[in-house]
Each structure stands twice: as structure tokens, then as C-alpha cells.
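Beneath this line is the structure, given in C-alpha cells, with notes to follow.
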Amino acid sequence: MRRVRDAMDRDYAQPLDVEQLARLVHMSAGHLSREFKRAYGESPYSYLMTRRIERAMALLRRGDVSVTEACFAVGSSSLGTFSTRFRELVGMSPSEFRERAKTDPQHLPSCVVKQAARPVRNREAPPLAPQ
């Protein structure tokens with residue numbers, strides 16, 4: 001399962017599907033999905049989308065790419081699906097996140113920002129309090 005997870009971490013921007021990942025470890029797609037979920041608590045697709053959203057968050061935090069550019073740079077082929085999943089995991093749209101990132105403290109180390117801004121997995125992000 002680590003080989004599959006490592007392949008997704010490394011090749012997140014490439015078009016990946018469960019059948020392709022299953023061939024990597026000589027399993028059927030169904031068996032891989034069951035074993036991956038048992039090992040990591042989420043499906044391979046969910047894990048891959050979380051990795052892609054994390055990478056997109058880093059790109060959007062930089063501020064020099066548009067939401068569309070970030071979407072395609074991380075391997076998503078649909079802006080709508082990307083935006084929906086981003087909102088589910090982060091709790092705001094990609095464009096809202098990009099705007100908020102402009103006002104975030106720039107003096108914090110990137111490792112601290114990354115840990116604090118990590119997407120929520122296996123459940124929806126809590127709703128934001130009105131400001």
C-alpha cells in the first residue's frame with residue numbers, strides 16, 4: 001500500500017486511476033480500493049484529491065497563479081469538481097482561499113502554515129464563522 005501511496009504523492013499531477021495503481025502492485029482495482037481504505041481510512045481517490053488540494057493550496061498561497069492554473073497544475077481535469085472538493089476540504093472556495101492568503105502572516109515558516117492550513121480529511125470542513 002505504501003508503493004501506491006508514494007506513487008500518488010509523487011505523481012499527483014498525472015492522470016491516475018485505480019486500475020493503473022492496482023497494476024503497480026499486481027492487484028485488482030477492487031482489492032486495492034478495499035485494502036487502501038483499510039490501511040489509510042479513505043479511498044485511493046479521496047487520498048489523491050486531498051494531496052492535489054494540498055498542492056493547490058500551496059500554489060494559491062503564493063498568489064502568482066489563478067485558480068484555473070492551480071487546478072490544472074495539480075492534475076485536476078475539471079474546474080467544477082476541483083472547486084467543489086476544495087470547498088469540502090478547506091471550507092471555502094479556492095478564490096476565497098487565495099484572497100485570504102494575501103492577508104495571512106507572511107513571516108511564519110511555510111511548515112507552520114502548511115500544518116495549520118492542512119485540509120480536513122474524511123469529513124467536511126466545519127462551516128466558517130461569519131465575520
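The values are calculated or read from the model by the stated rules, or taken from the named source; none is laboratory data. On a predicted model such as this, the values are computed, not experimentally measured, just so you know. Methodologically, a virtual Cβ is constructed for each residue, glycine included, from the backbone with ideal geometry; neighbour enumeration extends over all protein chains shown.
Quick notes on this one:
Residues checked against (1) of a type outside the set (D, E, K, R); (2) more than 14 Å from the chain's Cα centre (by Cα); (3) in the same structural domain as ALA7 (by TED's automatic domain parsing):
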{"residue": "GLU69", "(1), (2), (3)": "no, yes, no"}
{"residue": "ALA73", "(1), (2), (3)": "yes, no, no"}
{"residue": "SER76", "(1), (2), (3)": "yes, no, no"}
{"residue": "GLU88", "(1), (2), (3)": "no, no, no"}
{"residue": "PRO94", "(1), (2), (3)": "yes, no, no"}
{"residue": "GLU99", "(1), (2), (3)": "no, yes, no"}
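- Residue in the stretch 29-51 that is β-branched (Val, Ile, Thr) and touching a Leu at 6+ places or on another chain (Cβ under 6 Å) present: no
- Test: residue in the stretch 76-95 that is modelled with pLDDT of 90 or more, of a type outside the set (Gly, Ala, Ser) and in a loop (DSSP other than H, G, I, E, B): yes
- Check on ARG3, in a helix (DSSP H, G or I), surrounded by fewer than 15 Cβ atoms within 10 Å (Cβ to Cβ), in contact with a helix residue (DSSP H, G or I) (Cβ under 8 Å, 6 or more places away or on another chain) and modelled with pLDDT of 90 or more: yes
- Counting only residues that are under 15 Å from TYR47 (Cα atoms) and in a loop (DSSP other than H, G, I, E, B), the stretch 11-37 holds 7 of them.
- Being in contact with a Ser or Thr (Cβ under 9 Å, 6 or more places away or on another chain) and not assigned by TED's automatic domain parsing to the domain that holds VAL74 is a property that VAL25 lacks.
- Of all residues in the stretch 107-116, none satisfies being modelled with pLDDT of 90 or more and loosely packed, with under 15 Cβ neighbours inside 10 Å.
- Taken together, the criteria exclude LEU16 from residues that are modelled with pLDDT of 90 or more and of a type outside the set (Ser, Thr, Tyr).
- Figure legend. Inter-residue proximity from the stretch 26-48: first residues buried (at least 17 other Cβ atoms within 10 Å of the Cβ), second residues among the β-branched types (Val, Ile, Thr), beta-carbon distance below 7 Å, spacing 6+ or different chains. Indicated pairs: LEU32/VAL4; LEU32/VAL18; LEU32/VAL25; SER33/VAL18; PHE36/VAL4; PRO44/VAL4; PRO44/VAL18.
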